[in-house]
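Enquirer: One structure follows; several queries about it will come next.
The values are calculated or read from the model by the stated rules, or taken from the named source; none is laboratory data. This is a predicted model, so every value here is computed, not measured. Here the Cβ positions follow ideal geometry from the backbone for every residue, glycine too, while neighbour counts run over all protein chains shown.
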Amino acid sequence: MAAVEQIEQEAIPFIVFAAKRSGARSICSLVFRYAIATGRAERDTAADLRGALKTRSSTPRAAITEPKAIGGLLRAIDDFPGTFIVKSGLQLIALTFLRPSKVRLTSKIIPL
């Protein structure tokens, strides 16, 4: 339990990037399932933590659903007066449909 809480508190970039929705218990469960399959463990003890850890809350976000509005977004990004890095990040998000947090955390996982 202490290890899972430490992972949640420290928000280790790889774990946050790889399993933001599933959480630390889910990652521990994956490790235990691998250990069971390879004969290193007899059961998944992470299942005992179900309900003991806080759950992540999600908030709905606005989305562009009209094709014509996407063109307007791309034009607005081209006219953006900010720095090159910010403008490039906005273009990357628009072209790859990534979430901003995924783009931000990528630099911690993949050395650029």
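Enquirer: Could you identify the single residue in PHE84, PHE80 that is modelled with pLDDT of 90 or more, exposed (fewer than 10 other Cβ atoms within 10 Å of the Cβ), within 18 Å of LEU95 (Cβ to Cβ) and over 18 Å from the mean Cα position of the chain (by Cα)? Show your work before the answer.
Expert: Values: PHE80 fails: exposed (fewer than 10 other Cβ atoms within 10 Å of the Cβ).
None of the others qualify; the one that does is PHE84.
Enquirer: Which of the residues belonging to region 64-81 are part of a helix (DSSP H, G or I) and either of a type outside the set (Lys, Arg) or in contact with a Pro (Cβ under 6 Å, 6 or more places away or on another chain) (or both)?
Expert: PRO67, ALA69, ILE70, GLY71, GLY72, LEU73, LEU74, ALA76, ILE77, ASP78
Residue-wise test of (1) assigned by TED's automatic domain parsing to the domain that holds ARG99; (2) modelled with pLDDT under 60; (3) polar (S, T, N, Q); (4) not in a loop (DSSP other than H, G, I, E, B).
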position	(1), (2), (3), (4)
ARG21	no, yes, no, no
ILE27	no, no, no, yes
ILE36	no, no, no, yes
GLY39	no, no, no, no
GLU42	no, no, no, no
